[in-house]
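Trainee: Sharing a structure below in structure tokens format, with a few things to ask.
Readers should treat all values here as calculations from the given coordinates under stated rules, not as data from a laboratory. Source: prediction; values computed, not measured. Virtual Cβ from ideal backbone geometry, glycine too; neighbours counted across all protein chains shown.
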Amino acid sequence: MTEEVARRADANANNPYHKTAESYEAKLRSPLVRPFREAEEKRLTQIFDALIRPEDTLLEIGCGTGYYTRTLVKRARHMVALDDSEAMLQLVCNRLPAEDQAKIEFVHSEATHYLPPEPFDIVLHLGVLDYVREWQKFLTHSITHARRAVIFTCPTTGFFGQTFHYLSLFRGIHVMRFRREQIENFLREGYPDWQLDMERVGINSGWTGGMTWVATLRKREPET
Ligand SMILES: C[S@@+](CC[C@H](N)C(=O)[O-])C[C@H]1O[C@@H](n2cnc3c(N)ncnc32)[C@H](O)[C@@H]1O
């Protein structure tokens, strides 16, 4: 595992997973969380099928316990799985079969402090922006290090996104929520050559507004 950040003062202080790595998967399996997770995974699988090519290199920021790493590594030529939490990285590292481990470099770092020697075809962060207050800086980093696409999720401002936010406050964690226009305006000003698709998933029955945005940023092809 590569130790990119020597000074752990650089770690994301709002990241709850420094303390709760072990209980993360039990939370994902709980009946309250599972339906949201399944909806997100269904949409993400369609996006992975459409965008990831076998010759691609991937950067997965916030790989956690490897929930998506397991499928991503099989779809790509090589990937970097990065996380700010050493406890999370230890869990994922020990679980993957040797053939998959051979295609992955694990990096222990806060995302924006990681400066790869060359860009990746696709950068992904799934369930990470939730904890990132300086989200513009974070997205800038992802776009800077992606050649073709950035795939990410983040909480909505709908009923379930707000519920997640307020319940997390009891644990001292600030969960971010996002409006479509926030991301659109940020891109319009700084990255007009990137095209955004955003979709709400997770019990999205009109008034609820879904739980999670599943977003894809694609670099526009130059016109010939
Ligand atoms: C909700 S978990 C998601 C894990 C995995 N992507 C999944 O979908 O199951 C968020 C992960 O992002 C990591 N994380 C949060 N902020 C980060 C940052 N600024 N840089 C790197 N990793 C971060 C946490 O340590 C945690 O493992």
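Trainee: Please get the size of the charge dipole for segment 13-219, origin at its Cα centre, with Cβ charges of +1 on Lys and Arg and -1 on Asp and Glu, quoted in debye to the nearest 20.
Mentor: Using only the charged Cβ atoms, the result is roughly 500 debye.
Trainee: I would also like to ask the following. Would you work out which of F186, W213, I203 lies farthest towards the positive end of the dipole of segment 178-224? Charges go on Cβ: Lys and Arg +1, Asp and Glu -1.
Mentor: Checked the options; the winner is I203.
Trainee: OK, next. Kindly rank 112-118, 84-90 from highest to lowest mean number of other beta carbons found within 10 Å of each residue.
Mentor: Top to bottom by mean Cβ count within 10 Å: 84-90, 112-118.
Trainee: Another question, then. Out of residues 5 or more away from F178 or on other chains, whose amide H comes under 5 Å of its own, with H placed 1.01 Å from N in the peptide plane?
Mentor: T156, T157
Trainee: Students often check this: by mean Cβ neighbours within 10 Å, which of 121-131, 158-168, 143-153 ranks highest, and how do the rest follow?
Mentor: Per-residue mean Cβ counts within 10 Å order the peptides as 121-131, 143-153, 158-168.
Trainee: Oh, and also: Skipping prolines and chain starts, which residues have an amide H placed within reach, meaning under 5 Å, of the one on Q195, given they are 5 or more residues away or on another chain?
Mentor: R218, K219, R220
Trainee: Could you check the spin-label model distance between L32 and D10? Points 7 Å from the Cα along Cα→Cβ, value in nm.
Mentor: With each label point 7 Å from Cα toward Cβ, the separation is 3.6 nm.
Trainee: Take the chain, connect every pair of alpha-carbon atoms lying under 10 Å apart with a spring to form a Gaussian network, then pick out the residue of E60, E184, E134 with the largest mean-square fluctuation.
Mentor: E134
Trainee: Plugging the Kirkwood radius over Cα pairs into Stokes-Einstein for the chain, at a temperature of 37 °C and a viscosity of 0.692 mPa s, what D comes out in µm²/s?
Mentor: For the chosen part, D equals 184 µm²/s.
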